[in-house]
Amino acid sequence: MGFRFDLLLLFTTLVLLLTTTPTVLSDVILSKVDRRIDLTSQIVRVTSTLKVENAGPGPVSEVLLTFPEIQAKNLAYLKATLNEGKGKVKNSGSNLPINVANPEELPPSLIFHSVSLPKALGEGDSLTIDVLAVFTHVLRPFPEEITQADIQLVLFQDTAHYLSPYAVKVQSLTVKLPKARIEMYTKLENTNIHGSDIKYGPYENLPPFSYAPVVVHFETNQPFAVAQELVREIEISHWGNVQVTEHYNIVHGGAKSKGEFSRLDFQARPHLRGASAFRNLVAKLPPRAHSIYYRDEIGNISTSNVWGDPKKTELLIEPRYPLFGGWRTTFTIGYGLPLQDFLFGSEGKRFLNFSFGSPLNDLVTDNLIVKVVLPEGSDDISISTPFPVKQGHETKISHLDVAGRPVVVLEKTNVVPEHNQYFQVYYRFNKLSMLREPFMLISGFFILFVSCIVYMHVDLSISKSSASYLAKLQWDEVRATIQQVISIINQCLSKHERLEASLHDLSRTGDVQACKTARKTADSSFKEYSKELKPLLSFLQSSPQATQILPKVEELVAKEKELQERLIAKHSTIVDCYEKKIGGRELENRVASHQLKVVALKQEVEDLLDYVEEI
């Protein structure tokens, strides 16, 4: 009934367009429109490439996008970018501003969005815009209830003609389906099927507000995972960790299950007796995620797997039972992250740079609440988000807190994976505030500390001038010096990781200058570390207690130095290739020798570090 009602509303809207004569914006013409509708998941993504021409005498500084009211209420994400031609789209920094518009004398049953152009189009000028519109809850199950053995069929409704207040010279539409099985689809002029794609058009010389209703009834057994509510809590600890806790309330938003459920049939033939159910979800966590857990109200859930690489960490989770249509589950995911990967400094303030949306693939979130828990004593708090969100503030009382920790609360409805962008929370924090909790612990254990001090001041040795006592002092000095060497080596290895990360950013963004800056910074740091190592090595060479371990320490320093040189050579080779626009196999051949040596040296350095730390 819900689908039929929505279909009736859409047809009513189109009839109103037919019976009214809205104002036509004749100065703008869409000379070519290419639309692609992706129905391979529960999230419908409509990509439109619009070639806009100014056919009037006056300049044009904006372009209107039109959506029927019944579609606009399910619009989750809208983005417009300039297309440079030949398939090249400018980066996300060139996204065009989009605002809700209310043009006069146009049908009230339509919702308009205004795209501001970077510069006004003069008479006869043209440009190409790529528009991405993401919709949720527009695929309606039909039938609305199915048994365990049934497949899931859904209905999708739209118009084959691009709905616009402008005249369209040529336009085409491609509907991509998850499978080639199609129960029914609207057949219009110039309609063709290629595998799982339905192609409408091309259609020429379409007037403004032209429409041609289409309905597609097809099979899809993709997970319809909908988080009715997701609460993400991001807690910052200046002691080196960011703890993320995510509370999910998930429902299967597909066709509701009716009849009895047979676990035996499901386990014997899951693809036939449970095709519409989903058994697992995949979460893409940030790299270097650790202390990962997955649990619900009962306790820990062991049906999960984690694997990762330097670029990402993937968590495969399986609920306690398969989810059929209408079934729901609640669970919690938690993990820790290195603080230095997400907390930075700028103009005397610190800021957290973190992703907004859920890490679960293709999850629709009806209501997302993000809570950022700042350290106690933080003030001058400000927030920067890439899209509008509802903002609020709370206070959280945790262990050893006095006034409580400030909490930034961000809330947004109808969230899709495209919203998984970075936001920033800026704040000021005095380093002395970090000493508050240690001082409280000192006060609480004062008696114990006094006892320890008394014990430490009692001289239990026979003679401080004995050879064994002096040897112990010398060995303590050697151990302290070796710890300093290990610390410096670890700092060098951290710089190595940043150099590798700059190469990854280079492959993604092509920013050669940023990569050179990273290398220059690393060179400077390596020189400082080398200066700090010289007096430490000199002390070890002069100490008789360090005779046995000195060769390994010197070998460790030498291997790390060689690793530095290899990394710098690899870095320089890749940057030079990017500057000379050399890629493909030639780039791999130039880097191969450096890469093999780098991998071998990294293993040798790690083995030496383990050996020295054990001693």
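Here are the numbers for this structure:
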| quantity | calculated |
| --- | --- |
| Residue match in the range 218-230 (condition: out of contact with any Cys (no Cβ under 8 Å at 6 or more places or on another chain) and farther than 26 Å from PRO359 by Cα) | yes |
| GLU204 being assigned to a strand (DSSP E or B), touching a residue at least 12 places away in the same chain (Cβ under 8 Å) and surrounded by fewer than 12 Cβ atoms within 10 Å (Cβ to Cβ) | yes |
| Only listed residue being touching a Ser or Thr at 6+ places or on another chain (Cβ under 6 Å), within 18 Å of VAL591 (Cβ to Cβ) and of a type in the set (Gly, Ala, Ser), chosen from ALA518, ALA522 | ALA518 |
| Per-region count, the range 415-444, residues assigned to a strand (DSSP E or B), more than 17 Å from the chain's Cα centre (by Cα) and surrounded by 15 or more Cβ atoms within 10 Å (Cβ to Cβ) | 2 |
| Considering residues of the range 258-276 that are touching a residue at least 60 places away in the same chain (Cβ under 8 Å) and open to solvent by less than 40 Å² (accessible area, probe 1.4 Å) only, the residue farthest from VAL154 (Cα to Cα) | SER262 |
| Among the candidates TRP307, TRP327, residue that is surrounded by fewer than 19 Cβ atoms within 10 Å (Cβ to Cβ) and touching an Asp or Glu at 6+ places or on another chain (Cβ under 7 Å) | TRP307 |
| Matching residues, the range 350-392, being over 18 Å from VAL244 (Cα atoms) and surrounded by fewer than 15 Cβ atoms within 10 Å (Cβ to Cβ) | ASP379, ASP380, SER382, SER384, PRO386, PHE387, PRO388, LYS390, GLN391, GLY392 |
| Those residues of the range 231-252 which are touching a Phe, Trp or Tyr at 6+ places or on another chain (Cβ under 6 Å) and either open to solvent by 10 Å² or more (accessible area, probe 1.4 Å) or farther than 18 Å from GLU394 by Cα (or both), in sequence order | VAL242, TYR248, HIS252 |
| Residues that are over 18 Å from PHE156 (Cα atoms), open to solvent by 10 Å² or more (accessible area, probe 1.4 Å) and outside any strand (DSSP E or B), drawn from the range 26-70 | SER26, ASP27, ALA55, PRO57, GLY58, PRO59 |
| Any hit, the range 157-165, residues being touching a helix residue (DSSP H, G or I) at 6+ places or on another chain (Cβ under 6 Å) and either among the polar types (S, T, N, Q) or touching a residue at least 12 places away in the same chain (Cβ under 8 Å) (or both) | yes |
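The values are calculated or read from the model by the stated rules, or taken from the named source; none is laboratory data. These numbers were taken from a predicted model, which means no experiment stands behind them. Note that we place each Cβ from the backbone using ideal geometry, even for glycine, and neighbour counts take in every protein chain shown. Please note that ligands, DNA and RNA were not included when accessible areas were found on the heavy atoms of the full protein model with its side chains. Shrake-Rupley method; radii C 1.70, N 1.55, O 1.52, S 1.80 Å.
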